[in-house]
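Data first, discussion second: the structure below is written as structure tokens.
The values are calculated or read from the model by the stated rules, or taken from the named source; none is laboratory data. Every value quoted in this text rests on a predicted model; they were computed, and no experiment measured them. Cβ atoms come from the backbone with ideal geometry, glycine included; neighbour counts cover every protein chain shown.
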Amino acid sequence: MDDSVLIQEAQTAREQSYCPYSGYAVGACLEAKGGRRFKACNVENASYGLSICAERSAVVQAVAHGALELTRIAVAAEGAMPYPCGACLQVLREFGSDGMEIILTNGKHTERTSLGALLPARFVLDKTDE
Ligand SMILES: [Zn+2]
């Protein structure tokens with residue numbers, strides 16, 4: 001499947017965004033090994049800190065469906081380019097490799113990068129000393 005389908009599904013997911021506070025609607029389409037796809041949007045809350053980004057929402061759906069190896073994600077918004085926040089990058093890295101493709105679009109421009117490029121150093125729980 002080429003990027004355009006993944007991007008289109010992220011744009012479709014964006015239509016379900018619940019963002020009355022920021023007005024910044026984001027959609028994501030995550031692809032797991034084997035080709036299964038999971039779409040999600042950002043969901044805000046009156047208690048701002050409880051809001052969840054589209055990317056993490058998609059990861060939660062994937063894991064809930066048994067998809068633990070993530071290969072690509074497309075993230076769509078309008079206006080500002082939807083670079084994943086640090087929390088989302090860390091959560092994506094739990095199930096994706098440094099080479100995981102990240103495709104970003106704001107409707108006018110599309111950018112392709114990788115998880116390793118956006119999160120070159122990540123937290124890893126190392127229990128080998130225990
Ligand atoms: Zn985020």
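Got a sec? Which of Ser51, Ser47 is within 13 Å of the ligand (Cβ to nearest atom) and small (Gly, Ala, Ser)?
Working: Ser47 fails: within 13 Å of the ligand (Cβ to nearest atom).
On inspection, the qualifying residue turns out to be Ser51.
Which residues, counting only those in region 24-58, are farther than 17 Å from Cys85 by Cβ and either surrounded by fewer than 14 Cβ atoms within 10 Å (Cβ to Cβ) or out of contact with any helix residue (DSSP H, G or I) (no Cβ under 7 Å at 6 or more places or on another chain) (or both)?
Going residue by residue through region 24-58, those that are farther than 17 Å from Cys85 by Cβ are 29, 31-39, 46-47.
Answer for region 24-58, where residues must be farther than 17 Å from Cys85 by Cβ and either surrounded by fewer than 14 Cβ atoms within 10 Å (Cβ to Cβ) or out of contact with any helix residue (DSSP H, G or I) (no Cβ under 7 Å at 6 or more places or on another chain) (or both): Lys33, Gly34, Gly35, Arg36, Ala46, Ser47.
Cβ-Cβ below 6 Å, separation at least six or inter-chain, first residue in region 81-95 and touching a residue at least 12 places away in the same chain (Cβ under 8 Å), second in a helix (DSSP H, G or I) and near the ligand (Cβ under 9 Å from one of its atoms): which pairs?
Pairs found: Pro84/Glu55; Cys88/Glu55; Cys88/Arg56; Val91/Arg56.
Any idea which of Val26, Val59 is β-branched (Val, Ile, Thr) and more than 19 Å from Ser97 (Cα to Cα)?
Just a single option satisfies the conditions, and that option is Val26.
Is region 71-89 home to any residue that is in contact with a helix residue (DSSP H, G or I) (Cβ under 7 Å, 6 or more places away or on another chain), away from the ligand (no atom under 15 Å from the Cβ) and either at pLDDT 95 or above or outside any loop (DSSP other than H, G, I, E, B) (or both)?
yes
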